[in-house]
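Report on the following structure.
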Amino acid sequence: MSMWWSLHLRREAASVPLARRFLLGTMETAGVDPDISYDLSVALSEACANAVEHGGDRQDVGGAQDAAPGPSDDEQPGRACGQYRVTAYLDGEKCRIEVADSGPGFPTRRALRTAAQPHAGYPADESSHARVNPHPPATAESGRGLCLIEELADHVHFGNGPGRGAVVSFDKVLKWRKGALLMVS
């Protein structure tokens with residue numbers, strides 16, 4: 001079995017649970033184990049929350065009172081700062097999810113990991129997956145979302161899209177409920 005879907009969502013807090021419910025519904029219909037579905041849905045929620053918070057220009061984050069006068073993002077040709085994209089692929093025994101926004105992207109060093117902090121999915125000597133900043137303190141009010149994604153997924157990639165915007169992609173090997181109708185044969 002192979003299927004995919006893509007959502008283009010507004011950078012609004014209400015879009016996060018919408019994306020999560022869409023994923024959970026897809027996983028349940030396909031017959032994916034509920035624990036795997038839950039892990040993927042939490043990781044997706046974190047990636048979407050980051051896109052909502054950080055995925056555009058400062059002027060399109062608040063409300064109309066914060067925006068500069070003139071046409072809205074939706075009315076300006078070529079601008080999609082008020083939106084982000086979620087794409088999910090179920091292909092064989094794996095699910096890959098990608099969340100892409102049109103914000104400033106990750107600082108170059110943020111997408112990297114130090115060799116002292118290897119992710120379980122990558123060899124310790126693979127420096128292209130090294131992060132400069134260790135996990136934030138447990139008392140921090142923000143900054144734990146990307147770390148949580150790393151813990152819940154099998155493989156994670158933080159990068160920048162072509163031109164502009166952050167891209168968070170992660171995948172996880174699927175387990176199936178017994179008797180699942182769409183289970184891979």
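Among the residues of the range 97-126, the one identified as in contact with a Phe, Trp or Tyr (Cβ under 7 Å, 6 or more places away or on another chain), modelled with pLDDT of 50 or more and over 20 Å from SER15 (Cβ atoms) is PHE106.
Examine the range 11-19 for a residue that is surrounded by fewer than 17 Cβ atoms within 10 Å (Cβ to Cβ), touching a Phe, Trp or Tyr at 6+ places or on another chain (Cβ under 8 Å) and not basic (Lys, Arg), and state whether such a residue exists. Within the range 11-19, none of the residues are surrounded by fewer than 17 Cβ atoms within 10 Å (Cβ to Cβ), touching a Phe, Trp or Tyr at 6+ places or on another chain (Cβ under 8 Å) and not basic (Lys, Arg). Listed by first and then second residue, the pairs linking a residue in the range 2-22 that is among the polar types (S, T, N, Q) to a residue that is open to solvent by 50 Å² or more (accessible area, probe 1.4 Å) and part of a strand (DSSP E or B), with Cβ atoms under 6 Å apart and 6 or more places separating them unless they lie on different chains, are SER2/ASP91. Give the residues of the range 1-54 that are assigned to a helix (DSSP H, G or I) and in contact with an Asp or Glu (Cβ under 6 Å, 6 or more places away or on another chain), sorted by residue number. Within the range 1-54, just ALA51 meets the criteria.
The values are calculated or read from the model by the stated rules, or taken from the named source; none is laboratory data. Not measured: the values here are computed from a predicted model. Cβ atoms come from the backbone with ideal geometry, glycine included; neighbour counts cover every protein chain shown. To get the accessible areas, we keep the full protein, side chains included, count just its heavy atoms, and leave off ligands, DNA and RNA. Shrake-Rupley method; radii C 1.70, N 1.55, O 1.52, S 1.80 Å.
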